[in-house]
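Undergrad: Shown below is the structure under consideration.
The values are calculated or read from the model by the stated rules, or taken from the named source; none is laboratory data. Quick caveat, the model's predicted, so the values are computed rather than measured. Cβ: placed from backbone, ideal geometry, glycine included. Neighbour counts: every protein chain shown.
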Amino acid sequence: MDEVNLDELATKPNTWLDASGPEADIVVSTRARLARNAAGHRFSTKATHKDKAEIETLASQKISELQDLNLHYVPLKEAPATDKLFLVERHLISKEHANADWPRGVAIAPESGISVMVNEEDHLRIQVLRSGFRLGEAEEAVYRVEDAIAKVLPFCFRPQFGYLTACPTNVGTGLRLSVLLHLPVLAMLNQIDQVFRVLSRLSYIVRGLYGEGTRASGDFYQISNHVTLGKSEQQTVAEMEKLIPQIVKFERECRVKLISENRTRLEDRVWRAFGILSNARAINSEETLEHLSAVRLGVNTGLIKRVPIGLVNDLFIATQPGHLQKLQNRMLSPAERDAVRADLIRRKLAECN
């Protein structure tokens, strides 16, 4: 298994951000993730540094045998901080995985939206990302990857409990589904807390753009199931396929209401944001996400005609610190990042004229 060139990858757009999937105006992406542990090896909570080194060696060797998956391995123990930040921004590894201090890595096939984290909370975290609302497709894809790996690396499984995992909430199927939603008008009209209360009662978790421990910058909300024990894969998918369309419908209804009752408020927010992004000479990450969120809403409500939604989606990621430093091929101070970020946005928006 060859190592991937992250500098080259930084110049390519994310396939899961191309807005090609169903409901892509509101559902940015769908992720299916499986937690798995190698049979006969200590779980991460009890594993020593030596144990984890053995798991990384074993997993990377076994995964390298799977030529059909076209996976490329990135060892993270000695990886530069910028590389790890870049992978987090691409949603290929978690922040926890990036910040750990033991032997670990990730096998990725970016063009297929696949990543396999080695030695995160579990020995393996297998995930697949898809554009738009594609729960069934993402679930099928992640199980194809898991089936291939299971042929060369047996997993820890008990008939009574299912797959055993480091965290009890993942025991059973180990399947975690998550959907990344853009809900700017629910936030504008102070309806988002109502949605959160319903999700909490139904045992769903709401996180920010980069998962656990992150807040909902840019009006992005990542919604995922919490418990896997006692539920089949079919139940998990069916419940989410019923839930998410209701939230999408609510956001759409609120957009119609805002346009009909207070169009000026919407237009002012959208065009102010577009004007700032089109002309700013320095802009930080937080302000960028806020204004891109308004521009995305403007594109999806027809106020902005010439900007492709896929470009706006990609700018949410391409303007993050790791990506900017990869594109510049050097470390940047915060002030330099703000200037480079503003220049990138101006150029991309000007290309749409």
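Undergrad: Determine which single condition Ser293 fails, assuming it passes every other condition in (1) under 23 Å from the mean Cα position of the chain (by Cα); (2) within 20 Å of Thr82 (Cβ to Cβ).
TA: So Ser293 meets the others, but not (2).
Undergrad: Show me the helices (runs of 4 or more DSSP H) found entirely inside region 73-181 where at least 3 residues are more than 16 Å from the chain's Cα centre (by Cα) and either within 26 Å of Ala39 (Cβ to Cβ) or hydrophobic (A, V, I, L, M, F, W, C) (or both).
TA: Helices (runs of 4 or more DSSP H) meeting the threshold: 135-150.
Undergrad: Something else now. Among (1) closer than 26 Å to Lys46 by Cβ; (2) at pLDDT 95 or above; (3) of a type outside the set (A, V, I, L, M); (4) in contact with a Lys or Arg (Cβ under 8 Å, 6 or more places away or on another chain), where does Lys77 come up short?
TA: (2)
Undergrad: Another one. May I ask you to list pairs of residues, at least six apart or on different chains, whose Cβ atoms are under 7 Å apart, with the first in region 321-338 being within 24 Å of Pro13 (Cβ to Cβ) and the second being of a type in the set (Asp, Glu) and part of a helix (DSSP H, G or I)?
TA: That search, which allows pairs on different chains as well, returns Gly322/Glu89; His323/Glu89; Lys326/Asp7; Asn329/Asp7.
Undergrad: How many residues does region 95-116 contain that are out of contact with any helix residue (DSSP H, G or I) (no Cβ under 7 Å at 6 or more places or on another chain), buried (at least 20 other Cβ atoms within 10 Å of the Cβ) and farther than 14 Å from Ala10 by Cβ?
TA: Qualifying residue count for the region: 2.
Undergrad: Return only the number of the condition from (1) of a type in the set (Lys, Arg); (2) touching a helix residue (DSSP H, G or I) at 6+ places or on another chain (Cβ under 8 Å); (3) within 21 Å of Ser131 (Cβ to Cβ) that Arg269 does not satisfy.
TA: Of the numbered conditions (1) of a type in the set (Lys, Arg); (2) touching a helix residue (DSSP H, G or I) at 6+ places or on another chain (Cβ under 8 Å); (3) within 21 Å of Ser131 (Cβ to Cβ), the odd one out for Arg269 is (3).
Undergrad: Quick check on this structure: which one of Ser20, Ser44 is assigned to a loop (DSSP other than H, G, I, E, B), closer than 18 Å to Glu96 by Cα and either basic (Lys, Arg) or under 24 Å from the mean Cα position of the chain (by Cα) (or both)?
TA: Ser44
Undergrad: Here is a follow-up. Could you check how many residues of region 239-292 are surrounded by 16 or more Cβ atoms within 10 Å (Cβ to Cβ), out of contact with any strand residue (DSSP E or B) (no Cβ under 9 Å at 6 or more places or on another chain) and aliphatic (A, V, I, L, M)?
TA: Number satisfying all stated conditions: 10.
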